[in-house]
Amino acid sequence: MCLGIPGRVEHMLDGYGDQLALVDVEGQSRKVNIGMLDDQPVRPGEWVIIHMGFAVERTSPEGAAQARAGLEMMGRASPRGDPP
């Protein structure tokens, strides 16, 4: 199992072989390679799970919330980085 961060696709980036998307990750826009998700085109508004700059799977808004909650439970979201 890998640690994945949820993000919401904002839009596809021109060029790059249609494999880069701009993804909102907790308010920050990040370039994410979506080339591993070749089953269907990725659309703005979709949620993905990101690992090492690659979208590794699609998820629902509920799945994204669960992933965020798991990260928070591990202390990722604590203000000073202190364990909860």
Practice item. Could you list, in sequence order, all residues of region 61-70 that are within 11 Å of residue 7 (Cα to Cα) and open to solvent by 50 Å² or more (accessible area, probe 1.4 Å)? Key: 61, 68
Point to revise | The one condition in (1) assigned to a loop (DSSP other than H, G, I, E, B); (2) at pLDDT 95 or above that residue 40 fails to fulfil | key: (2)
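Search region 17-27 for residues being within 11 Å of the chain's Cα centre (by Cα) and not in a loop (DSSP other than H, G, I, E, B), and hand back the single one that is nearest to residue 74 (Cα to Cα).
First pass over region 17-27, keeping only residues within 11 Å of the chain's Cα centre (by Cα): 21-26.
Checking which are not in a loop (DSSP other than H, G, I, E, B) leaves us with 21-25.
Details: 21: 28, 22: 26, 23: 23, 24: 21, 25: 18 Å.
The extreme case among them is 25.
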**Study point:** Hey, residue 14 outside any helix (DSSP H, G or I), in contact with a Lys or Arg (Cβ under 6 Å, 6 or more places away or on another chain) and at pLDDT 85 or above or not
**Key:** no
Practice item. Output the residues belonging to region 30-60 that are open to solvent by 80 Å² or more (accessible area, probe 1.4 Å), within 11 Å of the chain's Cα centre (by Cα) and under 16 Å from residue 18 (Cα atoms). Key: 30, 31, 54
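The values are calculated or read from the model by the stated rules, or taken from the named source; none is laboratory data. The structure displayed is predicted, hence computed values, not measured ones. Reconstructed Cβ throughout: ideal geometry from the backbone, glycine too, with neighbour counts over all protein chains shown. Ligands, DNA and RNA are stripped out before the accessible areas are found, and what is left, the full protein with its side chains, is counted by its heavy atoms. Shrake-Rupley method; radii C 1.70, N 1.55, O 1.52, S 1.80 Å.
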